[in-house]
Amino acid sequence: MFSETMGSLKHALTGALGRNAPAISFIILAFLIVTVLSTAYFLLAFNREQFLNLPQVKEYDNLLENVTGMDEWSRTKFYWSNNLRIAGLYAISFPFYTGAASLLMTSHQIGLAAVYNYHLYGPLVLLNFISIIFVHGILELTGALILGGASLRLAWKLWGYLGHALTAGWGKVTRKRKAAIRQHLTDYLILIALGSLLIALAAPVEAYLSPSASVLFLISPTLAILFLASVLLFYAAIIRVGFRPMLRRASSVLEDLGELASGRWKPSHLSLLMFLLFSLLTWLGLPV
């Protein structure tokens, strides 16, 4: 009985990950690209004095003071409270594409934090900072990226179905579409559970192990470089799984964008319109 249950869970999880692979690949790729661009922007656009006087840098500095004053168990509880609250926000606000937009904002903040460490402590500490992010981030960020990809796919599908229903009429929503909606929701719940588990496991790693890893990486920068290379290979392997279907979907979205710009309407455009609208509102800091 136990082996059958585990087999069913494995099958459901593998299926959910496979069906969401293009969206997860997109989110990971976008996250990494925005992180690099953000780092380059803050490094090149401001000198040291200008950067350290930016309002968002002062906010980051205040946050660091609050966290570094805690002991390990207090930090663990803080990370659980903060990160799982954010995961819950991703889960319930999926129609607004909050997960995807917020993850890109997080990658932007990582770029800021990287340059903060560079200006204050130099390139070796910058390398150390980026490395220790992924000591716990291999769990935390992966969990958040899974949540972001799953919420992106579910929102896109449901807005598309709504667009079809509004265009053709509710009576035209076929049994096949209803079954597909149930499958999307089931996949989403499975991936929410997986992502939340990874985020929860990351909290004690961040509180107890990441500081020790920081010392180790400072002693041996080569080890930090090798660790970062292994992390990039890990994410490259995940991206590879959904890369080709992601490209096909991206081509379709670009076609939709062209049709939308020329004034031609079809049901799938509602997904794109809502994505553009809610992403803009999130980046502007407006409530959605």
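The values are calculated or read from the model by the stated rules, or taken from the named source; none is laboratory data. These figures come from a predicted structure and were not determined experimentally. Cβ coordinates were reconstructed from backbone atoms using ideal geometry, including for glycine residues, and neighbour counts include every protein chain displayed.
Of the residues making up the stretch 267-288, those that are surrounded by fewer than 13 Cβ atoms within 10 Å (Cβ to Cβ) and assigned to a loop (DSSP other than H, G, I, E, B) are 284, 285, 286, 287.
Here's the yes/no breakdown for (1) in contact (Cβ under 8 Å) with a residue 60 or more places away in the chain; (2) under 26 Å from residue 271 (Cβ atoms); (3) out of contact with any helix residue (DSSP H, G or I) (no Cβ under 6 Å at 6 or more places or on another chain):
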{"residue": "25", "(1), (2), (3)": "yes, yes, no"}
{"residue": "31", "(1), (2), (3)": "yes, yes, no"}
{"residue": "64", "(1), (2), (3)": "no, no, yes"}
{"residue": "76", "(1), (2), (3)": "yes, no, no"}
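So is residue 192 out of contact with any Phe, Trp or Tyr (no Cβ under 6 Å at 6 or more places or on another chain) and either surrounded by 16 or more Cβ atoms within 10 Å (Cβ to Cβ) or under 15 Å from residue 133 (Cβ atoms) (or both) or not? Criteria met by residue 192. From the list 146, 130, the one residue that fits, being surrounded by 18 or more Cβ atoms within 10 Å (Cβ to Cβ) and either touching a strand residue (DSSP E or B) at 6+ places or on another chain (Cβ under 8 Å) or modelled with pLDDT of 95 or more (or both), is 146. Counting just the residues of the stretch 80-118 that are assigned to a helix (DSSP H, G or I) and of a type in the set (Ser, Thr, Tyr), which one comes out nearest to residue 195 (Cα to Cα)? If we take residues in the stretch 80-118 being assigned to a helix (DSSP H, G or I) and of a type in the set (Ser, Thr, Tyr), then 90 is nearest to residue 195 (Cα to Cα). Exactly one residue among 240, 175, 264 is surrounded by fewer than 16 Cβ atoms within 10 Å (Cβ to Cβ), among the basic types (Lys, Arg) and at pLDDT 90 or above, and that residue is 240.
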